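These notes are about the structure you will find just below.
The values are calculated or read from the model by the stated rules, or taken from the named source; none is laboratory data. Here the structure is a predicted model, which is why all the values come from computation and not from measurement. Positions of Cβ are backbone-derived with ideal geometry, glycine not excepted, and every protein chain shown enters the neighbour counts.
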Amino acid sequence: MAGVKWRLTVLDWVRIGVLAAGLLCVATGLLPGAEAAANIRRIGPLLLFLAAVIVLAELTKEANVFDVLAGRLAIIGRGNYAALFVLCTAFASFVTIFLNLDTTAVLLTPVMLALAPRARITPLPLAMTTIWLANTASLLLPVSNLTNLLAMGRVGLSTRDFAGRMWAPQAAAIAVTMLLLWIFFWRRGERGEDRYTPPPPAPAGDPVLFGVASAACVLFIAAILAGVQIGVAAAVAAVVVIAAFAWRDRAKLTWSLFPWQLLVFVSGLFLVVPTLSRYGLNDLMRALIGSTGDALGDYRAAAAGAALSNVVNNLPAYAAGEAVIPATGHDQLLSLLIGTNVGPVITPWASLATLLWFEWCRRRGVKVPMVKFVLTGLTLAVTGLAATIAALLLTA
């Protein structure tokens, strides 16, 4: 690989600062070394998965797979915005479920924004479709969200069992999201046009790279559904695509593909949050979540997870909530998970995916009305959590 770039953004420095703070906690004894080592061992498979799936998704984008799919969506819509809406929400949900929410935020956002002029629609409806579904469509599979990977290990479910437990909450979350997307962003008064002219098909580029990248994504999805360890499945798929690019377009293999920023940030969080838990955060979360294992306790866990996610971030919010929920409280833990997946849609920093999405919107000159973002996100969080927890309880 070549093309190393050392320019650090403000967000990069924040991530480095989080890791530095975590290392300082260990060095000063605020977090015992044995506990720190156990936390890092726990997230080791997550870090492998995160690194591999981002590389896979980045190279899949370079192979024009996402661009071709987005162009096809506009063509299949045949100028009908209702049809395009269903197709875009299905596409965003699919990418989130099978390739994780950060992939949706990083790679699908520019594709959706590029689709806006082709469909003669303002960029905001497409952008909001991406980020809302990046969060709310991340419940079904362990790979959909890093928090899911943590929860799956805690409740002892296989990939298939996890999906069997979460399919109803996932369906409810997507249904509520689609309803509110249409009301707030896609209806006639918001999008600005009645119909659009379908664009010509987007070029596939190198047919070998396009075919290999497409096949690698399909194999990755099939592997995780078959029960293959997700880090291994992602790593194998990424290696296949890297080999294809090494053969056909080596210039695309740069060090910038490696998501060191995310790895640094996640590692730092899992040192800082356990430290905070030892010095008061556990007491706060215990008071918010409560100790009852009934339906009220499940709703409280979801609300606490959503609230803390929007104050800090959903990863530390989940870790803090998990620490105070009994090992046998599986429904309460899954409710917390729902809160930290569906709830982080109110503030720009509530999830890493939202932070990445805002950066893409800034680069593309898309103005996001902050008041509308917060108020509509609050509406989605409240109604989405009510519907998803109800679905979880009804299918228990």
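Key figures
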quantity: Qualifying residue in segment 270-278 (condition: among the aromatic types (Phe, Trp, Tyr), more than 24 Å from the chain's Cα centre (by Cα) and more than 27 Å from THR395 (Cβ to Cβ)); calculated: no
quantity: Pairs where the first residue, in segment 298-318, is closer than 14 Å to ASN135 by Cβ and the second is among the hydroxyl-bearing types (Ser, Thr, Tyr) and surrounded by fewer than 23 Cβ atoms within 10 Å (Cβ to Cβ), C-beta under 9 Å, 6+ apart; calculated: SER309/THR347; ASN310/THR347
quantity: Residues that are of a type outside the set (Val, Ile, Thr), under 14 Å from the mean Cα position of the chain (by Cα) and over 17 Å from PHE265 (Cα atoms), drawn from segment 341-383; calculated: ASN341, GLY343, PRO344, PHE358
quantity: Residue match in segment 343-355 (condition: farther than 27 Å from ASP161 by Cβ, in a helix (DSSP H, G or I) and hydrophobic (A, V, I, L, M, F, W, C)); calculated: yes
quantity: Criterion violated by LEU46 - all others in (1) under 30 Å from ASP194 (Cβ atoms); (2) in contact (Cβ under 8 Å) with a residue 60 or more places away in the chain satisfied; calculated: (1)
quantity: Residues of segment 378-396 that turn out to be farther than 16 Å from ASP298 by Cβ and free of Cβ contacts under 8 Å to residues at least 60 places away in the same chain, as a count; calculated: 1
quantity: Looking only at segment 152-195, and only at residues there that are touching a Lys or Arg at 6+ places or on another chain (Cβ under 8 Å) and assigned to a helix (DSSP H, G or I), the one that is nearest to THR340 (Cα to Cα); calculated: GLY153
quantity: Any chance TYR299 is in a helix (DSSP H, G or I), crowded, with 21+ Cβ neighbours inside 10 Å and out of contact with any Pro (no Cβ under 7 Å at 6 or more places or on another chain); calculated: no
quantity: Filtered residue count, segment 112-141, keeping only those that are more than 26 Å from THR379 (Cβ to Cβ) and surrounded by fewer than 24 Cβ atoms within 10 Å (Cβ to Cβ); calculated: 4
quantity: Failed item, numbered, when TRP167 is tested on (1) surrounded by 19 or more Cβ atoms within 10 Å (Cβ to Cβ); (2) in contact with a Leu (Cβ under 9 Å, 6 or more places away or on another chain); calculated: (1)
quantity: Every residue from segment 271-289 that is in contact (Cβ under 8 Å) with a residue 60 or more places away in the chain and more than 15 Å from GLY17 (Cβ to Cβ); calculated: PRO274, ARG278, TYR279
quantity: Among residues of segment 216-255, those that are in a helix (DSSP H, G or I), touching a residue at least 12 places away in the same chain (Cβ under 8 Å), closer than 16 Å to ALA52 by Cβ and not β-branched (Val, Ile, Thr), counted; calculated: 14
quantity: Output for segment 145-162, where each listed residue is in contact (Cβ under 8 Å) with a residue 12 or more places away in the chain, closer than 13 Å to ALA327 by Cα and not hydrophobic (A, V, I, L, M, F, W, C); calculated: GLY153, ARG154
quantity: Elements of type helices (runs of 4 or more DSSP H) in segment 1-120, at least 1 residues being within 27 Å of GLY268 (Cβ to Cβ); calculated: 10-27, 33-62, 81-99, 109-118
quantity: Positions within segment 57-76 being surrounded by fewer than 24 Cβ atoms within 10 Å (Cβ to Cβ), over 16 Å from ALA114 (Cα atoms) and not aliphatic (A, V, I, L, M), in sequence order; calculated: GLU58
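For every residue, the table says whether it meets (1) modelled with pLDDT under 90; (2) hydroxyl-bearing (Ser, Thr, Tyr).
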| site | (1), (2) |
| --- | --- |
| VAL106 | yes, no |
| ALA127 | no, no |
| SER138 | no, yes |
| SER144 | no, yes |
| ARG154 | yes, no |
| MET166 | no, no |
| GLY192 | yes, no |
